[in-house]
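What follows is a set of notes on a single structure, which appears directly below.
The values are calculated or read from the model by the stated rules, or taken from the named source; none is laboratory data. What you see is a predicted model; the values in this text were computed from it and never measured. With ideal geometry, Cβ positions are generated from the backbone for all residues, glycine too; neighbour counts draw on all protein chains shown.
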Amino acid sequence: MAQDCGGISVSDPPCPAKAKETRVNPFCFKPRIALACVALALAACQQDKTPERGNGPDAKPGIEVSGGVLMLPAVKGNPGAAYFTVTNGGSAPATLAAVHVDGAAKAEMHESRGGSMEPLKEVRIGAGETVKFERGGRHVMLFDLDSSLTSGTATEMTLVFAGGDKASTPLKIESAAGGMPGMDHGKHN
Ligand SMILES: [Cu+2]
C-alpha cells in the first residue's frame, strides 16, 4: 500500500504502536512529514482496534458479577466481608478500583496472605479472566455496618472500575454464626 506522505511517496508507514517491532520509516522523522505520516498510520491502526466501550458510563461492558454474599461479623460492631466472583468477558483488561456496599460506611479490598491481610489498591482483571473474592483470599472488608443489614435480607454492591464504569450486583446477607474458622476479621485494624 503506497501512501502520499507530504509529497514523498512511501510504502506502509509504520504504525506507531508497532514502531518498536517494525523498521521505522526514515521519512517520518522530518517534522512536517512526520505529522502526515503519523496521521495516516493512526488511521490505519484504528482499523484493527475494536472500541473499548460503547455503552453508557454506568455499565462496564463485558463485566459479570455473580455469587455475591455479605457475611455479617460474628461479633456485632466488627467488620463484615463481601465475597463474589467477577468475570471480564470483554476484550480489554479491567481494573477494579473501588467497591461500595449499601449499608456499609466503608468498603476496602483486601487480600489474606499467610494469616494477615493487606489492602489492595486495585484489582486487575484480564480480558476473559475470572477473579474470585472468597474466604481466605481476596475479599472486601466492610466497616460500620448499618443495623438494617440482617441475615436473610439483601443489599447492593457496586464495583467501580478505573475510568468510572460501574457494575452492580445484589449481596445475599448471611450470618457468620456457624463460623468462619481462621478468619477473625475482628483483629483487623
Ligand atoms: Cu480484610
Completion exercise
Within region 65-80, of all residues that are assigned to a strand (DSSP E or B) and surrounded by 14 or more Cβ atoms within 10 Å (Cβ to Cβ), the one nearest to the chain's Cα centre (by Cα) is Val65
Practice task
Could you tell me whether region 91-102 includes any residue that is within 16 Å of the ligand (Cβ to nearest atom) and touching a His at 6+ places or on another chain (Cβ under 9 Å)?
Solution key: no
Fill in the blank from the handout: So, first residue assigned by TED's automatic domain parsing to the domain that holds Gly68 in region 101-112, second residue of a type in the set (Asp, Glu) and more than 9 Å from the ligand (Cβ to nearest atom), Cβ within less than 6 Å, six or more apart or across chains; the pairs are Asp102/Glu156; Gly103/Asp146; Ala105/Asp144
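Can you name the residue in region 103-127 that is more than 10 Å from the ligand (Cβ to nearest atom) and among the aliphatic types (A, V, I, L, M) and, of all such residues, is nearest to Val65 (Cα to Cα)?
Only one residue fits best here, namely Ile125.
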Problem - In region 128-174, the residues that are charged (D, E, K, R) and either within 16 Å of the ligand (Cβ to nearest atom) or surrounded by fewer than 18 Cβ atoms within 10 Å (Cβ to Cβ) (or both) - result: Glu129, Lys132, Glu134, Arg135, Arg138, Asp144, Asp146, Glu156, Lys166, Lys172, Glu174
Practice task
Name the single residue, out of those in region 99-119 being crowded, with 16+ Cβ neighbours inside 10 Å and among the aliphatic types (A, V, I, L, M), that is nearest to Gly77 (Cα to Cα).
Solution key: Ala104
